[in-house]
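The block underneath contains the structure these notes are about, expressed in structure tokens.
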Amino acid sequence: MTTALIQGYEVVIGFETHAQLACASKIFSRAPLGFGAAPNTQTAPVDCALPGTLPVMNRQAVACAIRLGLALGSHVAPRSIFARKNYFYPDLPKGYQISQFEIPVVQGGEVSFFVDGEKKTVRLVRAHLEEDAGKSVHDQFPDASGIDLNRAGTPLLEIVTEPDMRSTAEAVAYAKELHKIVTWIGICDGNMQEGNFRCDANVSVRKPGQPFGTRREIKNLNSFRYMQQAIDFEIRWQIEQLEDGHAIEQATVLFDPATGETRAMRTKEDSADYRYFPDPDLPPLVIAPEWIAQVKADMPELPRQMAERFVRDWGLPEYDATTLTQSQAMGAYFEEAAQACGQAKLVSNWVMGEISRRLNTEEIGIEAAPVRPAQLAALIGRIRDGTISNNAAKQVFEALWSGQASEVDAVIEAKGLKQMNDSGALEKIIDEVIAANPANVEQYKAGKDKAFNALVGQVMKASKGKANPQQVNELLKAKLAG
């Protein structure tokens, strides 16, 4: 949904995203991290809340928080506080979660992206460090639920936005952009299937000009496709409820992929319900300016910086530059091909067009693309020097992609795709087409452009598609004007 209003209602969406940090151990213990291990085999006494244990902060997790703050243009707090978030769930052995509340480590910042060619920016409220809970397992015992504490204590950054999004398309685009950033800077592997990057969407609707409506939080969206389906359903459901005269109750809801519907899980708590208070076992987190400077020096070129460089150095439109920096691999692919042929815009068109279409169809990354940058550069070179037409180039590309050949010139030769650039031979074909189509000639001279296109088509047919279209246009116009 990309329209500003839906049935007269404005959509308001905010996000809370949990990114599992790429650390070697848990946030407050030395227990290892890993997916798929046997239940309760990756735990330490502090994760299980055994008496007498004390948490110790994971320095690597703090470094990840600093990297995120720098990447998002946020303020990295020199002093932040850990708090206890109190609630009771079977998979939370302490009876509370160690998180940050009043003073988070990352404050402010923004994420920008494009939706239908229009640039959007979402403001961030904060990103705070916290530990993950365990997992309740309901399908392994007939009369009981099991508790797996392998995830308990896993280091997370919870990234919270302002309610700035106004459509499902914006929400999905924001989530994809944030996913790109955290994987790009190496703080999260982004694996949504394993729960390492999961989003909670706060959705409400209102009439234009009215205060924000009551929000419902859709929990644990772990795929972009389900995210779109869940938010679309929730928007429709809320509008139907309001149109039928019902009030929306603040709640936490789950999305069921089998039915495509959201369903209420529990009424939504406010911060007061969690009775936050500073954790007495953890001192304030103090980050020295020297540490921030060191992390900054080790940061890779960020997506927005690479996009700005593509605009500045290669003359690309901002939309192209942003699209080409969806991953470091795609940016590197473009730049290698552009450097090889010097035709940045044509490379951009091919990467965003035919190559991206093939990658999506085959569900592979650009690292695995059968057509390598040097081959694409060679192909574009042959288009530019007039050796082949755009249509012929697609045939060459198909042969390269399918592995029929590895050399552009070899495919052109084998398939006889070389354009006819001999003006003498081409003039002869044009003369024959003009002589055989007097009606189209008269119609063109009477001002009908379609007649000219028909003559061009006849020339291309007579040349078996090998004539240079630009040359055909120029010679044919000259002949008809004579």
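The values are calculated or read from the model by the stated rules, or taken from the named source; none is laboratory data. In this text the structure is predicted, and so the values were computed from the model without any measurement. All Cβ positions, glycine included, derive from the backbone under ideal geometry; neighbour counts span all protein chains shown. These area figures cover heavy atoms from the full protein model, side chains too; ligands, DNA and RNA do not enter into them. Shrake-Rupley method; radii C 1.70, N 1.55, O 1.52, S 1.80 Å.
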| message | All but one of (1) surrounded by fewer than 20 Cβ atoms within 10 Å (Cβ to Cβ); (2) in a loop (DSSP other than H, G, I, E, B); (3) in contact with a helix residue (DSSP H, G or I) (Cβ under 8 Å, 6 or more places away or on another chain) hold for THR214; state the number of the condition that does not hold. | response | (3)
| message | Quick check on my filter: what residues within the stretch 149-169 are charged (D, E, K, R) and either in contact with a Ser or Thr (Cβ under 8 Å, 6 or more places away or on another chain) or not assigned by the TED database to the domain that holds VAL125 (or both)? | response | GLU158, ASP164
| message | Which of the numbered conditions does VAL56 fail, given that it passes all the others? Conditions: (1) assigned to a loop (DSSP other than H, G, I, E, B); (2) buried (at least 16 other Cβ atoms within 10 Å of the Cβ). | response | (2)
| Can you find even one residue in the stretch 286-299 that is touching a helix residue (DSSP H, G or I) at 6+ places or on another chain (Cβ under 6 Å) and either open to solvent by 60 Å² or more (accessible area, probe 1.4 Å) or acidic (Asp, Glu) (or both)? | yes
| What is the number of the single condition among (1) open to solvent by less than 70 Å² (accessible area, probe 1.4 Å); (2) free of Cβ contacts under 8 Å to residues at least 24 places away in the same chain; (3) outside any loop (DSSP other than H, G, I, E, B); (4) of a type outside the set (Val, Ile, Thr) that TYR444 does not meet? | (2)
| said: For the stretch 399-424, give me the residue count where each residue is more than 30 Å from PRO370 (Cα to Cα) and in contact with a strand residue (DSSP E or B) (Cβ under 9 Å, 6 or more places away or on another chain). | reply: 1
| said: Only one of GLY386, GLY403, GLY353, GLY365 is surrounded by fewer than 19 Cβ atoms within 10 Å (Cβ to Cβ) and in contact (Cβ under 8 Å) with a residue 60 or more places away in the chain. Can you tell me which? | reply: GLY386
| When you go through GLY186, GLY209 one by one, which is the residue that is assigned to a loop (DSSP other than H, G, I, E, B) and modelled with pLDDT of 95 or more? | GLY186
| query | Looking at this structure, is GLU110 farther than 18 Å from ASN220 by Cα and either in contact with a strand residue (DSSP E or B) (Cβ under 8 Å, 6 or more places away or on another chain) or assigned by the TED database to the domain that holds SER25 (or both)? | reply | yes
| Residues (open to solvent by 40 Å² or more (accessible area, probe 1.4 Å) and in contact (Cβ under 8 Å) with a residue 24 or more places away in the chain) located in the stretch 237-263 | TRP237, LEU242, GLU243, ALA247, GLU249, GLN250, LEU254, PRO257, GLU261
| field | Test: residue in the stretch 126-138 that is free of Cβ contacts under 8 Å to residues at least 40 places away in the same chain and surrounded by fewer than 15 Cβ atoms within 10 Å (Cβ to Cβ) | value | yes
| task | Restricting attention to the stretch 426-467, report how many residues are at pLDDT 80 or above and among the acidic types (Asp, Glu). | result | 3
| task | Return only the number of the condition from (1) farther than 30 Å from VAL62 by Cα; (2) open to solvent by 40 Å² or more (accessible area, probe 1.4 Å) that ARG304 does not satisfy. | result | (1)
| request: Might you let me know whether the stretch 31-40 holds any residue that is in the same structural domain as ALA152 (by the TED database) and either of a type in the set (D, E, K, R) or in contact with a Lys or Arg (Cβ under 6 Å, 6 or more places away or on another chain) (or both)? | output: no
| query | Which one is surrounded by the fewest Cβ atoms within 10 Å (Cβ to Cβ) among residues in the stretch 147-177 that are at pLDDT below 95 and in a strand (DSSP E or B)? | reply | ILE147
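So that you can scan it fast, the table gives a plain yes or no per residue for (1) of a type outside the set (A, V, I, L, M); (2) under 30 Å from VAL105 (Cα atoms); (3) more than 27 Å from the chain's Cα centre (by Cα):
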position: GLY245; (1), (2), (3): yes, no, yes
position: GLU249; (1), (2), (3): yes, no, yes
position: TYR274; (1), (2), (3): yes, yes, yes
position: ASP279; (1), (2), (3): yes, yes, yes
position: PRO284; (1), (2), (3): yes, yes, yes
position: GLU290; (1), (2), (3): yes, yes, yes
position: GLN294; (1), (2), (3): yes, yes, yes
position: THR322; (1), (2), (3): yes, yes, no
position: SER327; (1), (2), (3): yes, yes, no
| request: Those residues that are open to solvent by less than 30 Å² (accessible area, probe 1.4 Å) and among the aromatic types (Phe, Trp, Tyr), I need them from the stretch 307-341; list them, please. | output: PHE310, TYR333, PHE334
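Going by what's in this entry, would ALA83 be described as at pLDDT 95 or above and under 27 Å from the mean Cα position of the chain (by Cα)?
Against the criterion (at pLDDT 95 or above and under 27 Å from the mean Cα position of the chain (by Cα)), ALA83 does not qualify.
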